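To keep things clear, I will list the structure first and then write my remarks on it.
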Amino acid sequence: MNQRALTQPEPAEGYAGDVSPQLAWAWVQSGRAVLVDVRTDAEREWVGFVPGAVALAWKQWPGMALNPAFETQIPTLRDKPLLMLCRSGVRSIAAAKRATELGATAYNILEGFEGDPDDQAHRARRGGWKLRGLPWQQN
């Protein structure tokens, strides 16, 4: 991630843009945007979650089929820009694109909740919401 992403969105095709976890949190704290966690219920339950985020899975476990509730709930959240958060910042791009098609201003949060895997295939060591020291909890 370049330094510009820390202070302003990076342009993207098909959605409003990419933001760093730090910028996303600043927008949430200021009331400028709504954080939407698009990970599965299982991921939020076992890996952790951001307090106050809207839990709205993009895909459902098992099988990772598209969540039909996404289509009906996104229009109810369109009053503010939406910040999409997934595990690594990949599913959240697809979710941001679809939310944009549904009329929302949607951003992808770079690095996701856990970031990319390291050389030992472990997450939360190379970027991500957790590594950046932003608020999260675990059940």
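Summary table
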item	result
Criterion: under 15 Å from the mean Cα position of the chain (by Cα), surrounded by fewer than 19 Cβ atoms within 10 Å (Cβ to Cβ) and touching a residue at least 12 places away in the same chain (Cβ under 8 Å) - qualifying residue of Val36, Val28, Val47	Val47
Matching option when the condition is aromatic (Phe, Trp, Tyr) and either in contact with a Pro (Cβ under 6 Å, 6 or more places away or on another chain) or part of a strand (DSSP E or B) (or both), among Tyr107, Tyr15	Tyr107
The one condition in (1) under 15 Å from Thr40 (Cβ atoms); (2) among the polar types (S, T, N, Q); (3) modelled with pLDDT of 95 or more that Thr100 fails to fulfil	(1)
Qualifying positions in the range 36-53 - under 15 Å from Arg91 (Cβ atoms) and not in a loop (DSSP other than H, G, I, E, B)	Val36, Asp37, Asp41, Ala42, Glu43, Arg44, Val47
Flag for Leu102 being closer than 17 Å to Ala16 by Cα, in contact (Cβ under 8 Å) with a residue 60 or more places away in the chain and surrounded by 15 or more Cβ atoms within 10 Å (Cβ to Cβ)	no
Whichever residue in the range 8-39 is within 17 Å of Lys130 (Cβ to Cβ) and not hydrophobic (A, V, I, L, M, F, W, C) and, among such residues, is modelled with the highest pLDDT	Asp37
Lone unmet requirement of (1) within 22 Å of Gln22 (Cβ to Cβ); (2) without any contact (Cβ under 8 Å) to a residue 60 or more places away in the chain for Leu66	(1)
Residues (within 22 Å of Trp129 (Cβ to Cβ) and part of a helix (DSSP H, G or I)) located in the range 54-71	Phe70
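The values are calculated or read from the model by the stated rules, or taken from the named source; none is laboratory data. Please read all numbers here as calculations on a predicted model, not as lab measurements. Cβ: placed from backbone, ideal geometry, glycine included. Neighbour counts: every protein chain shown.
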